[in-house]
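See structure below.
The values are calculated or read from the model by the stated rules, or taken from the named source; none is laboratory data. Bear in mind that the values here come from a model prediction, so they are computed numbers and not experimental data. Because the Cβ atoms are built from the backbone with ideal geometry, glycine has one as well, and the counts that use them run over all protein chains shown.
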């Protein structure tokens, strides 16, 4: 039974504008959404019921109902849509119809418009498309055609346009392209070949224009680029050159323009930057310089401009900043100061402007904020205050404005809200209900929540 919030009445019978639990017929086994995507203003999701297994569904806002788009693989266990990525109103995804294996599919939200793009690994074997990315309307992804191993592919949604870009690691082993990231009109990614190991690559969509950017760790050893992110047209990433440990790097796509930003933890030791986030055009991340623990850092792409923002957990203790979200140029994140546990913090990039928003779980306990998502003038997230489980919270950046929005699974049990996905003026997410069954929910900008559901039959 799929549930979505829409206008309804609360237990007093008074209408709460903005939310109501809409559900499919009780004759249907509850759905368990595993992936959500916004395709041109329509929510598409992978979910399961007793009749069709895991398949592709959509939320029909006009009818306040969920609709099975297409039963790609009739019966159980279903086609298992995954690696969902939208380009405009078209959703690309991997699915297995039981005949062609896990291959590239597309959908416009209709049954007729949901079909296999190409059987890349011909026959029942799977090409397993993954790491889907959009560069100027062209879909790039990694796939295995059974001959070249996992390599870089491209598609514009037709069989003819779906082709191998380059056989980077010649032969059946494949280069395993990953972390595909668009910066301007370029596609950056990590890939492996015999000569250079795992290094940073770039592609313009042609074989000739697909090349290793730089052999950061010279020879066959790996620099292992990861945490790729675009900040103001510059690619930032983390890599190990074999001399300085795992540090922060940047690239403009040229060998000379691919450089270590700063040796944060000097010498062979590693700063291990992680959780890289673009906050209003400034790179925020977590790292250690060897003198402090894992703390909040920022960078403008220069050595001098790469600095420790604040030693939140003083000394060698770790504050472990993570789950970053941007609201009006302010970074919101989870961290611990060593006294209060993991709580909600915010930073404007200065030491004095980096402060605890609220001790949600009072004392040494941790509320462990997660899945932070900016919606208008507030941050929605999951947290546990010690009285309730891990539930839905919101914050306007003030202590007073940081409140439990809804105890979806009342009492100490947790609903675990996650997969927050913005679609027009609604935010969709998944969470368990009071029976422990994961469902789909939605909340409007007003934030009103209902405790009473209204059943609607699933469209036939």
Problem set entry | Conditions (1) assigned to a loop (DSSP other than H, G, I, E, B); (2) at pLDDT 95 or above: number failed by residue 267 | (2)
For this session: Mind telling me which of the residues 190, 195, 176, 239 ends up being part of a loop (DSSP other than H, G, I, E, B), touching a residue at least 24 places away in the same chain (Cβ under 8 Å) and touching a strand residue (DSSP E or B) at 6+ places or on another chain (Cβ under 7 Å)?
Result: 176
Exercise. At pLDDT 95 or above and over 23 Å from residue 67 (Cβ atoms), is that true of residue 93?
Worked result: no
Exercise. Among 360, 379, 312, which is the only one that is part of a loop (DSSP other than H, G, I, E, B), at pLDDT 95 or above and either assigned by TED's automatic domain parsing to the domain that holds residue 414 or within 26 Å of residue 443 (Cβ to Cβ) (or both)?
Worked result: 360
Exercise. Are any of the residues in region 215-231 in the same structural domain as residue 298 (by TED's automatic domain parsing), within 22 Å of residue 134 (Cβ to Cβ) and in a loop (DSSP other than H, G, I, E, B)?
Worked result: yes
For this session: Test residue 372 against the stated conditions and say whether it is outside any loop (DSSP other than H, G, I, E, B), assigned by TED's automatic domain parsing to the domain that holds residue 277, closer than 17 Å to residue 428 by Cα and without any contact (Cβ under 8 Å) to a residue 60 or more places away in the chain.
Result: yes
For this session: For region 108-117, indicate whether the set of residues that are in contact (Cβ under 8 Å) with a residue 40 or more places away in the chain, in a strand (DSSP E or B) and under 22 Å from the mean Cα position of the chain (by Cα) is non-empty.
Result: no
Seminar exercise, completed: Considering residues that are modelled with pLDDT under 90, within 19 Å of residue 403 (Cα to Cα) and in a loop (DSSP other than H, G, I, E, B), the number found within region 415-448 is 4
For this session: Looking only at region 254-269, count how many residues are under 21 Å from residue 220 (Cα atoms) and buried (at least 18 other Cβ atoms within 10 Å of the Cβ).
Result: 1
